[in-house]
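Reviewing the structure listed below.
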Amino acid sequence: MSTATHNTPRFQIVEARFLAPDVKLFRIDAPRIARKRKAGQFVIIRTHSQGERVPLTIADSDPKNGTVTIIVQGIGKTTKQLNGMQAGDHLADVVGPLGKPSEIKVFGTVVVIGGGVGTAIAYPTAKALKQAGNLVISIVGARTKELVILETEMRAISDELHVTTDDGSYAEKGFVTDKLKALMTSGRKIDLVLAIGPIPMMRAVAETTRPHGIKTVVSLNPIMVDGTGMCGGCRVLVDGKSQFACVDGPEFDAHRVDFDMLVKRNAMYRDMERRSLEEFLNVTKPGASHECRLKKQNPELAKNLRELQFSCRTP
């Protein structure tokens, strides 16, 4: 496991670029993590010494050059703060690799489903499954064309790739479950389904495969907080027993996960996250005007937020 201390250099960002609105790829100098990480594992990142700990899946690594790749969707304060950083900046901490690696063996025909930024989490496992000798069919889904990520990368490691958009602005119109159902009814034998994305999507995939008895795995990264099992924030019921996504997972048998409880737990910190984001964006009272601090500190991030219809004023 690797981490930065006051005696060691901070982790430098080697590359930083947006893949989609508020979705940014980072390559970070972290040689020991790059050498040891396996598909499905994650790191804990802090942007500065007083910053929040954020668990992020390792999308890829380059042991030769000593870098790990993460893909970040700016949703809350810390992820938006991170997305404002650029190549040459340094992170205070990068700890990992953490979590249990994905189960990689020859299953046969595997369908890998990535919803939104979940594609970044699904990619390393899909790549490892292909290298192990499986036939990999990938389904990449997003709300709109501009939110489709890693299409080229997923195509390169898949025997088949299907892309869907909810609004039909690109490729096939529909949900990832529509394409999954089509594959299942085509008569092809599917031995494993891996689904990673928003909780409602993973739940829908689980209910689609359940009647057919197809082994289905989901990654519960969305509910992780601390990443070490100490905070208890990522507790999930699996077969009626409490487990922690960060240390017992993050991947679990989808048919054994209590999704009702999972949805409730995922909403626990929503209000606090909203308030924290509002403070970060320096939201003022209605009618007040000011120059946003974010615009001064991170012009690129401020521009990106405007495109997403965020504002430095309350509605």
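Taking Gly96 as meeting all but one of (1) open to solvent by 10 Å² or more (accessible area, probe 1.4 Å); (2) over 15 Å from the mean Cα position of the chain (by Cα), write down the number of the exception. The single condition Gly96 does not satisfy is (1).
Taking the options Thr165, Thr144, Thr177, Thr185, name whichever one is out of contact with any strand residue (DSSP E or B) (no Cβ under 9 Å at 6 or more places or on another chain), free of Cβ contacts under 8 Å to residues at least 40 places away in the same chain and either buried (at least 20 other Cβ atoms within 10 Å of the Cβ) or on the phi < 0 side of the Ramachandran plot (or both).
Of the residues listed, the single one that is out of contact with any strand residue (DSSP E or B) (no Cβ under 9 Å at 6 or more places or on another chain), free of Cβ contacts under 8 Å to residues at least 40 places away in the same chain and either buried (at least 20 other Cβ atoms within 10 Å of the Cβ) or on the phi < 0 side of the Ramachandran plot (or both) is Thr185.
Within the range 25-56, being more than 17 Å from the chain's Cα centre (by Cα) and part of a strand (DSSP E or B) holds for one residue alone: Asp29. Here Ala132 meets the list (1) touching a helix residue (DSSP H, G or I) at 6+ places or on another chain (Cβ under 9 Å); (2) surrounded by fewer than 18 Cβ atoms within 10 Å (Cβ to Cβ) almost entirely, failing just condition (1).
Flag not set for Lys189, criterion: closer than 23 Å to Ala59 by Cβ and of a type in the set (D, E, K, R). The number of residues in the range 147-162 being assigned to a loop (DSSP other than H, G, I, E, B) and open to solvent by 40 Å² or more (accessible area, probe 1.4 Å) comes to 1.
The values are calculated or read from the model by the stated rules, or taken from the named source; none is laboratory data. This is a predicted model, so every value here is computed, not measured. Cβ atoms come from the backbone with ideal geometry, glycine included; neighbour counts cover every protein chain shown. These area figures cover heavy atoms from the full protein model, side chains too; ligands, DNA and RNA do not enter into them. Shrake-Rupley method; radii C 1.70, N 1.55, O 1.52, S 1.80 Å.
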